[in-house]
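Since the structure comes first, as structure tokens, the remarks are kept for the end.
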Amino acid sequence: MIYKSKSYQDLIFWQKAHEFVLKVYEYTSTFPKHELFGLSSQFRRAAVSIPANIAEGFRKNGPKDKVRFYNIAEGSINECSYYLRLASDLKYGDNEVMMKLLVEVSKMIRAYAKNVV
């Protein structure tokens with residue numbers, strides 16, 4: 001029996017992307033105050049874009065439309081990957097667990113998008 005998701009919230013990769021966003025908010029809350037309108041803001045915006053684009057793509061009817069939004073989410077994943085690298089280089093704290101979660105979300109999106117087309 002094939003299980004068909006009724007909502008984007010049923011998608012495991014959306015759930016993991018949402019978990020990543022929550023971790024980003026927690027992580028960036030420890031950044032220096034001078035990063036509030038810099039790295040913290042950019043990082044949060046890019047992180048939120050991942051599950052938001054998954055949610056938007058979920059309701060699109062055509063496979064090409066769906067995949068386009070999943071590709072946008074992938075772009076935001078790459079952006080977040082860089083922010084994790086930058087934060088690490090700036091010694092803003094350990095983020096290895098977040099990087100692993102981000103890689104997992106990326107793999108899941110790619111696998112899902114392949115099956116949509």
* Structure fact -> Neighbour-count ranking for SER81, SER76 (other C-beta within 10 angstrom, fewest to most) reads SER81, SER76
* Stretch gain in nm, segment LEU86-SER41, where the contour uses 0.36 nm per residue and the Cα spacing is subtracted -> 14.8 nm
* Along the charge dipole of the chain, Cβ charges K/R +1 and D/E -1, which of ALA87, LEU22, GLN9 sits furthest on the positive end? -> GLN9
* How much length, in nm to one decimal, is gained on full extension between GLU19 and LYS107, taken as 0.36 nm per residue of separation minus their Cα-Cα distance? -> 30.1 nm
* Obtain the nm distance between the two label points defined at LYS114 and VAL97 by a simple spin-label model: each point lies 7 Å from its Cα along the Cα-to-C-beta direction. => 3.0
* Report the charge-dipole magnitude of the chain in Debye, nearest 20, computed about the Cα centre from +1 at each Lys and Arg Cβ and -1 at each Asp and Glu Cβ. => 500
* Calculated on alpha-carbon atoms, Rg and Dmax of region 20-116 in Å -> 14.2, 44
* Taking θ as phi - 60°, what are the ³J(HN,Hα) couplings along region 18-28 by the Karplus curve (6.51, -1.76, 1.60), each to the nearest whole Hz, with x for Gly and Pro? -> 5, 4, 4, 4, 4, 5, 5, 4, 5, 4, 6
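Bear in mind these aren't lab numbers, they're just calculated from the coordinates by the rules spelled out. Note that the structure is predicted; figures quoted are calculated from it, not measured. Heads up, the Cβs are rebuilt from the backbone with ideal geometry, glycines too, and the neighbour counts pull from every protein chain shown.
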